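Chemist: Quick one: the structure is below, questions incoming.
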Amino acid sequence: MNRLAFTFHGATLEALGSGALYWPAHGLLVVSDLHLGKCARLSAGGGAALPPYDARETLTRLATDLDATGATRVICLGDSFDTAEIGAVLPEDERAWITRLQAGREWTWVEGNHDPGPVGLGGTHLREARHGALHFRHIAQADAHGGGEVSGHYHPKARIALRGRTLSRPCFLVDSRRLVMPAYGAYTGGLCTRSPVLSALMDADAQAILCGPKPARLPMPRAQQPRRRAS
Amino acid sequence: MTDLPASLLDWFATRGWDLHPHQRAMLDRATAPSLLLIAPTGGGKTLAGFLPTLAELAEAPKPGLHTLYVSPLKALAADIKRNLGTPIAEANLPIRVEDRTGDTPASRKKRQRADPPHILLTTPESLALLTSYEDAHRMFAGLERVVIDEIHALAESKRGDQLMLALARLQTLAPNLRRVGLSATVDDPDRIATLLARHPDRCEILEADPGPDPDIEMLVTETPPPWSGGGAKYAIPAVLDEVKRHKTTLIFHNTRAQAEIFFHNLWLANEEALPIGIHHGSLDRAQRERVEAAMVAGELRAIVCTGSLDLGIDWGDVDLVIQVGAPKNVKRLVQRIGRANHRYNAPSKALLVPANRFEVVECVAALQAVKERDLDGDPPGPGPRDVLCQHILIAACAGPFDADMLYAEMISAGAYAGLTRARFDACLDFCATGGYALRAYDQWRRIVQRPDGLWQLRDPRASQRIRMNIGTIQDTDTLKVRMRGRGGKPLGEVEEGFAAQLSKGDTFLIGGQIVRYEGLREMVVEVSRDAAQKPKIATFMGTKFATSTQLSHRIVRMCQQEDWPELPTHTADWLKLQRDVSRLPEPGRLLIESFPHDGREQLVVYGFAGRNAQQTLGLLLTKRMEEEGQAPMGFVATDYATLIWGLDAVTDPRPLFDMERLEAGLDGWLAGNAVMKRTFRASAHIAGLLERQVGGTRKTGKQATMSSDILYDTLLKYDPDHLLMQITREEAMRGLVDFDRIREMKARVGDRIDLERLTRVTPLAAPLFLEPGRVPIRGSADERLLEEEVTRLLDESGLAQVDTAPKPRRPIPS
């Protein structure tokens, strides 16, 4: 199966190859940074006419993951919509699609910097959510003394050298206190784990779990670490 | 009308100049609606183009734009300004000449629109931009002549297509506009004439005396060239000797990287400190201008350069042209040779310096072709539609337009004469709605139809962004390189992909110096000086030239000889060695070599089918290998062979060549391939789906770049018939994919496939390893390598022991 199990703050979680996080004990699927409506926003300025299929692509992925896990709870961890207004102007069939996915599930929208406030769709709207020992918020807090924080926002992406070829993939970052999720939405880009921001945020023992056909775990590639050369 | 002003004739007389017959003829035919002059380099071609303008303006000068001169190079426009300025000033003619390129300051550009000079020198991109302004009709209303220099170079590219569309526009604004094209020697003048003239008008062609045969040889050195590599380092002493023996030498290279490396080595060996410069398109403008100025002043003994000096710039006293690396294309070779001895009716002198032994064979074949005047070239297809989309947006910037009139205008451009209304409407629809199958929302409407039927921009502010993205030149994205520190000196540009691979401390060559990578700041590569003798990493890639089909046919024929008296001994021996350790390609058979190298399994297929077919073969074979679980990782194609590398060795090639299965997945595999994505990326930028420039600068960081690969995948999934997908397929079929030649090759060789399993690289395969343009295959090999790396890292860090989570599984062959 396209998942990798790991323990975080006492919870056994599964990283999905798509970039979703599943917590079997709670039947909870977490996805972050969907950025629905991103292309519509970028196209609105009269500039590039990007294909309006990003929402379909993202929702198709989500439907697949919900099916595969049988999740009964969903947390969208912020920046679910590219702007707060877009939730309201999302095309009818995409709104209907979201409603279908929500049916029979406990659905939570955690607010992000792109979509503060209610987004005009069903489900609970929260600044932060809590399940068991884990906290769910969009942006990691500077001091995570309590531990067990799951966040998104940074769109982490790892770049590693494999015998002379470079592989770049969205990834989860996890240390003993924090878990930072990759962006789930189509067309969302990423921030390299070597960036000073992510290197400073994560502890020295942090690991990266790469998304892809078979999620793979390795020490987080960091800024200060000299780059490995292919041998 | 056709007489030159007396003052100009006097000026000629004081210089002892006479008009060449073709210059005279240009004056005689000054009234022709379109006229193509074919003359060898050094034949006073450009002056011939301007003579009628000078005659008309001296006779009846009136304010406003009279002649527009368009050249493919900014440097050429600057050069012409200089050369035209002298006779105009000294003959006291009341004529104002100015240039306008991307380098012209904004204040002067603005003034030029309000008060245009008599003669404006510009580039296709700057002209397209000019036609996008609301006041374009005022500026061009009185335009009499347009002179297109080096039209042979433009005729083969989208820049030329864009230029001809702009001409169609100008013709509407100035109905009496006369068109003049200036071309170097070409194999098919009629084709260029068709592009130049307003369709379906006829175009007169004037052919000047081609002049004497060039004096061209291969440089013979004491040291034999290596088996592979493009540096030609072995030839440095011999090249320096030639530089010393001549006044000014131009040393041409096929790629910027090769030019940099050669210049570096030349400089290390230059004990007499001869003044030698380097000039190529990635260098900073100030640096390029310095070299150009020094050269005009006659201060340089040699210039190491690339195609940026290819076209008819008059650099004074060049008496030798050296071409390093196989010329790849006979036509270009002949045009380059024309750079030497810029005097009409004196033979040009040129030397070919092959960089490796295979190139010795190529050079000898090219020399034979030059002697037989066998110029090569493949006819291009109809005008591409991505350029059309951009042109529609440019038209909308200039003001509301009528679709019928715009269509009529477009089909008056030769390359678009066959454009059907339906295909035009598809482009219009793309601009109007994004062209999506999904119903359109306001935000995807870039142009809207008004109640009176005219089309206009939905948001007038969009014009600025459209103008910023005008152009069809498809360099890969580049980043500027600058010395570290406040006000650090700009050095030039490197490809983004190259910059992405650099780590702090890596050294590379730029502008002839070795620099150390310090970091990336605000999308600028910051470097510091470095004293290292040897740069660790090869520099950026540069253009990849294809050997013409004619040349590769000549090479196969040579391979079939028993012995090679026409080749230097070292190269004949090298071919014999290939015959001993493996074999030489034979007619009616297909030679395949397989050997380990560089930690990978290598497979070389010598099809001699031309680059496009070899590339397609690479695509198809890697697909079959992926199906067979052989984990291919990528391939590179040349005109004679395809090199595929991967994790597993191929021991039996026959199943791979099963035609039915090769063809079965052709469409699907092609659609998902890196080559197609590359094509899509280029067309998406031209058509305006993607924007290179937003607000003048590129942003960095998360969400900054909309990856064209992801857009391509989404369109393929949800809207495979989208206009941009159609254009991508058309572009691919236009030459990228030559499947017929593969079918023909398979029919010719049948089952006569010879696989040679070897222990190491063979002589013939060696050059392939340095070939640019490698296409990665991202499939099962990625997953296997990732597993391997994860296992290694976990073992190394001891994580595997302490972790409670399940360990990564062993690699599973897929």
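Coordinate-derived values only; no laboratory data. This structure is a prediction, so every number in the text was calculated from the model and none was measured. Neighbour counts are summed over all protein chains in view; Cβ atoms, including those assigned to glycine, are modelled from backbone coordinates with ideal geometry.
Chemist: May I ask you to derive the FRET efficiency for residue B:172 and residue B:752 from their Cβ-Cβ distance with R0 = 51 Å, giving the value to the nearest 0.05? List each step's numbers first, then the result.
Modeler: Details: r = 59 Å, r/R0 = 1.16.
About 0.30, to the nearest 0.05.
Chemist: Extending each Cα 7 Å along its Cβ direction at residue A:124 and residue A:106, get the distance between those two points in nm, one decimal.
Modeler: The two pseudo-label positions are separated by 0.6 nm.
Chemist: If you don't mind, another one. What are the ³J(HN,Hα) couplings of the range B:19-32, residue after residue, when phi is run through the Karplus curve with 6.51, -1.76, 1.60 and θ = phi - 60°? Round to Hz, x for glycine and proline.
Modeler: 6, 6, x, 6, 5, 4, 4, 4, 5, 5, 9, 4, 8, 4
Chemist: Another question about this same structure. Per 10 Å bin from zero, what fraction in whole % of the C-alpha pairs of the range B:575-687 is there, up to the bin with the longest pair?
Modeler: Cα pair-distance distribution for the range B:575-687, in percent: 13, 42, 32, 10, 2, 0.
Chemist: Once you have the Kirkwood Rh of the range B:585-778 from its Cα pairs, apply Stokes-Einstein at 10 °C and 1.306 mPa s and quote D in µm²/s.
Modeler: Working: Rh = 17.9 Å.
Stokes-Einstein gives a translational diffusion coefficient of 89 µm²/s.
Chemist: Assign unit charges at the C-beta atoms only (+1 for Lys and Arg, -1 for Asp and Glu), then state the dipole size of the protein assembly as shown relative to its Cα centre in Debye, rounded to the nearest 20. Write out the running numbers ahead of the final one.
Modeler: Details: 129 positive and 131 negative charges, 430 e Å.
Charge dipole, the protein assembly as shown, about its Cα centre: 2060 debye, nearest 20.
Chemist: Moving on to the next point. Could you check the spin-label model distance between residue B:796 and residue B:467? Points 7 Å from the Cα along Cα→Cβ, value in nm.
Modeler: Once both label points are built, they end up 5.3 nm from each other.
Chemist: Each residue of the range A:174-190 in order: what ³J(HN,Hα) in whole Hz does its phi give by Karplus 6.51 cos²θ - 1.76 cosθ + 1.60, θ = phi - 60°, with x for Gly and Pro?
Modeler: 9, 10, 5, 10, 10, 9, 10, 8, x, 6, 9, x, 6, 6, 9, x, x
Chemist: Further question on the same structure: In the range B:247-266, whose amide N lies under 12 Å from the spot 7 Å out along Cα-to-Cβ of residue B:223? List them in ranges.
Modeler: B:265-266
Chemist: Order A:163-172, A:194-203 from most to least packed using the mean count of other Cβ atoms within 10 Å. Intermediate values should be presented prior to the final figure.
Modeler: Numbers: A:163-172: 19.2, A:194-203: 16.8.
Sorting A:163-172, A:194-203 by mean packing, highest first, produces A:163-172, A:194-203.
Chemist: Another question, if that's okay. Please compare each pair in B:110/B:489; B:81/B:158; A:38/B:677; B:74/B:109 to a cut-off of 19 Å on the Cα-Cα distance and tell me which ones are over it.
Modeler: Numbers: B:110/B:489 29 Å; B:81/B:158 26 Å; A:38/B:677 22 Å; B:74/B:109 15 Å.
Result: B:110/B:489; B:81/B:158; A:38/B:677 exceed 19 Å.
Chemist: Residue B:597 to residue B:651: extension gain in nm, 0.36 nm per residue of separation minus the Cα-Cα distance?
Modeler: On the way: separation 54, 0.36 × 54 = 19.44 nm, distance 1.56 nm.
Additional length available on full extension: 17.9 nm.
Chemist: Between the range A:30-74 and the range B:192-261, what is the C-alpha centre distance in whole Å?
Modeler: Centre-to-centre distance over Cα atoms comes out at 53 Å.
Chemist: May I pose another question? For chain B, divide the Cα radius of gyration by the Kirkwood radius and give the resulting Rg/Rh value with two decimals.
Modeler: Details: Rg = 27.9 Å, Rh = 28.8 Å.
Rg/Rh: 0.97.
Chemist: Hey, can you rank B:174-186, B:384-396, B:46-58 by average C-beta count inside 10 Å, highest first? Could the numbers behind the result be given before it?
Modeler: Working: B:174-186: 20.5, B:384-396: 25.8, B:46-58: 22.2.
Taking the mean over residues of other Cβ atoms within 10 Å, the ranking is B:384-396, B:46-58, B:174-186.
Chemist: For chain A, set up a GNM with springs between Cα atoms under 10 Å and report which of A:19, A:104, A:212 has the largest fluctuation.
Modeler: Per the Cα network of chain A with a 10 Å cutoff, A:104 tops the list.
Chemist: Can I ask one more? Once you treat every alpha carbon in the protein assembly as shown as an equal point and sum by Debye, what is log10 I(q)/I(0) at q = 0.05, 0.06, 0.07, 0.09 Å⁻¹?
Modeler: Calculated log10 I(q)/I(0) at the listed q: -0.35, -0.51, -0.70, -1.15.
Chemist: Now for a separate question. With a 10 Å radius around each residue's Cβ, average the other Cβ atoms per peptide and rank A:24-30, B:555-561, highest first. Before the final figure, lay out the partial values.
Modeler: Details: A:24-30: 19.1, B:555-561: 15.6.
Top to bottom by mean Cβ count within 10 Å: A:24-30, B:555-561.
Chemist: For the range A:14-131, what is the per residue volume of the convex hull drawn over the alpha-carbon atoms, in cubic angstrom?
Modeler: Details: hull volume 11.8 nm³, N = 118.
Considering the Cα atoms of the range A:14-131, their hull volume per residue is 100 Å³.
Chemist: Where the centroid of each part is defined by its Cα atoms, how far is the range B:601-650 from the range B:559-596 in Å?
Modeler: Centre-to-centre (Cα) distance: 21 Å.
Chemist: What does the C-alpha gyration tensor say about the overall shape of the range A:84-231? Classify as rounded when a/c is under 1.5, otherwise prolate if a/b is larger than b/c, or oblate.
Modeler: prolate
Chemist: With the crude spin-label approximation of a point 7 Å out along Cα→Cβ, what separation in nm comes out for residue B:372 versus residue B:449?
Modeler: 5.7
Chemist: Suppose R0 equals 41 Å. What FRET efficiency, 1/(1 + (r/R0)^6) with r the Cβ-Cβ distance, do residue B:560 and residue B:628 give to the nearest 0.05? Don't skip to the answer; put the middle values down first.
Modeler: Working: r = 33 Å, r/R0 = 0.79.
Given R0 = 41 Å and the Cβ-Cβ separation, E is 0.80.
Chemist: Once amide H atoms are placed 1.01 Å from N in the peptide plane, what residues at a sequence separation of 5 or more from residue B:608, or on another chain, have their amide H within under 5 Å of its amide H?
Modeler: Those lying under 5 Å, H to H, from residue B:608 are B:641.
Chemist: So if each residue of separation counts as 0.36 nm, and I subtract the Cα-Cα distance between residue B:111 and residue B:90, what length gain in nm does that give? Each step should come with its number before you reach the end.
Modeler: Working: separation 21, 0.36 × 21 = 7.56 nm, distance 2.59 nm.
Residue separation times 0.36 nm, minus the Cα-Cα distance, leaves 5.0 nm.
Chemist: If you restrict to DSSP beta bridges whose two residues both lie in chain A, what percentage is antiparallel, to the nearest 5?
Modeler: Numbers: 30 of 49 bridges.
Just about 60 percent of them are antiparallel.
Chemist: Using R₀ = 60 Å, calculate the FRET efficiency as 1/(1 + (r/R₀)^6) where r is the Cβ-Cβ separation of residue B:486 and residue B:759; round to 0.05.
Modeler: Details: r = 56 Å, r/R0 = 0.93.
That gives a FRET efficiency of 0.60.
Chemist: Still on this structure, please answer the following. In the range B:273-307, whose amide N lies under 17 Å from the spot 7 Å out along Cα-to-Cβ of residue B:244? List them in ranges.
Modeler: Once the point is set 7 Å along Cα→Cβ of residue B:244, B:273-276, B:301-302 turn out to lie under 17 Å by backbone N, inside the range B:273-307.
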